[in-house]
């Protein structure tokens, strides 16, 4: 039995340990990537800048340490399930970073992240219930098999949604930080107002907050590091797993509405999964004025960014600020949903 004081210390440690670890490890790691020649062109700069990539391995290592603190401190297996799902997504993304996967192969392989996550359920670990809680309306009837199938299917959807929000300086780090904070608040509210809900669930949500906050310091404009698919897919898998473990699926969906809309616009315009490196046209371009413009090419994908830029050209900082503003609004609605669900 963990005392309240020890619980508070463990919650703080699960947030700060991965945060501090990344701050200390990033400078030598980026120098290491540069020596290896692992740099990518920042195509939204003129002339393009060289940025070390991928930071995904370091980000995953920090998440692993943070979840390890939770597992050891609370004696919980929740972190093991989250790490299993995150590890598969990370491995798929790292292969894509190094060798490039096809647009259809990636989502199929990411189903395995969902399978890995639910595998502990087959071993007798109680990771989640089979009912979904709605604000005011209450919970649905339990359908364990159907719910588990939906959980597995959610992983490729959410991971790809996060991956598609990784195009501009600071976009993915801001998005992950804000949505993971909204998720943590939702889990905390359920912890406070639900009898028998484990504080280990809240602690399991905090490493993602700490990691994304530290990464933001290196990924914000002008970026000194890109996460690569290994980072963005891992972020998405961790978010999906935490939403399920925390039992706040509806609030989590609301939080990532900008990513869902971006995915819908993109997939509908290109008619399916297409590897972005193989798209014939980019949705944006840097004009002679140094601003980002929406592409006028007929075959350019209709991303959320392109729709924003159709109103007027923008600097990269201004564009990301618009996306952050949209995410803040969706996260505010997410927290409101959590209040309506667990407080009232």
key: Residue check, residue 198 in contact (Cβ under 8 Å) with a residue 12 or more places away in the chain and closer than 30 Å to residue 26 by Cβ   = no
remark   = The residue that is nearest to the chain's Cα centre (by Cα), considering only those in region 32-68 that are part of a helix (DSSP H, G or I), over 26 Å from residue 242 (Cα atoms) and free of Cβ contacts under 8 Å to residues at least 12 places away in the same chain, is 32
query = Which pairs have Cβ atoms under 8 Å, sit 6 or more apart or on different chains, and link a residue in region 317-328 that is without any contact (Cβ under 8 Å) to a residue 60 or more places away in the chain and at negative phi to one that is surrounded by 15 or more Cβ atoms within 10 Å (Cβ to Cβ) and assigned to a helix (DSSP H, G or I)?
reply = 322/308
query = Quick check: anything in region 1-8 modelled with pLDDT under 95, part of a helix (DSSP H, G or I) and buried (at least 16 other Cβ atoms within 10 Å of the Cβ)?
reply = yes
request  = Filter region 130-149 down to residues that are out of contact with any helix residue (DSSP H, G or I) (no Cβ under 8 Å at 6 or more places or on another chain) and part of a helix (DSSP H, G or I) and give me whichever is nearest to residue 244 (Cα to Cα).
outcome  = 147
Members of region 104-129 found to be assigned to a loop (DSSP other than H, G, I, E, B) and surrounded by 16 or more Cβ atoms within 10 Å (Cβ to Cβ), listed by number = 127, 128
request  = Quick one: count up the residues across region 22-31 that are crowded, with 18+ Cβ neighbours inside 10 Å and in contact (Cβ under 8 Å) with a residue 60 or more places away in the chain.
outcome  = 3
remark   = Of the candidates 95, 147, the one satisfying the condition of being without any contact (Cβ under 8 Å) to a residue 24 or more places away in the chain and closer than 18 Å to residue 230 by Cα is 95
query = Within region 296-313, restricting attention to residues that are outside any helix (DSSP H, G or I) and within 20 Å of residue 259 (Cα to Cα), which residue is farthest from the chain's Cα centre (by Cα)?
reply = 300
Failed criterion for residue 87 (all others in (1) surrounded by fewer than 19 Cβ atoms within 10 Å (Cβ to Cβ); (2) part of a helix (DSSP H, G or I); (3) touching a helix residue (DSSP H, G or I) at 6+ places or on another chain (Cβ under 8 Å); (4) at pLDDT below 95 hold) = (4)
inquiry  = Conditions first: (1) modelled with pLDDT of 95 or more; (2) farther than 25 Å from residue 52 by Cα. Residue 200 passes all but one, so which condition is the exception?
reply    = (1)
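The values are calculated or read from the model by the stated rules, or taken from the named source; none is laboratory data. This is a predicted model, so every value here is computed, not measured. Methodologically, a virtual Cβ is constructed for each residue, glycine included, from the backbone with ideal geometry; neighbour enumeration extends over all protein chains shown.
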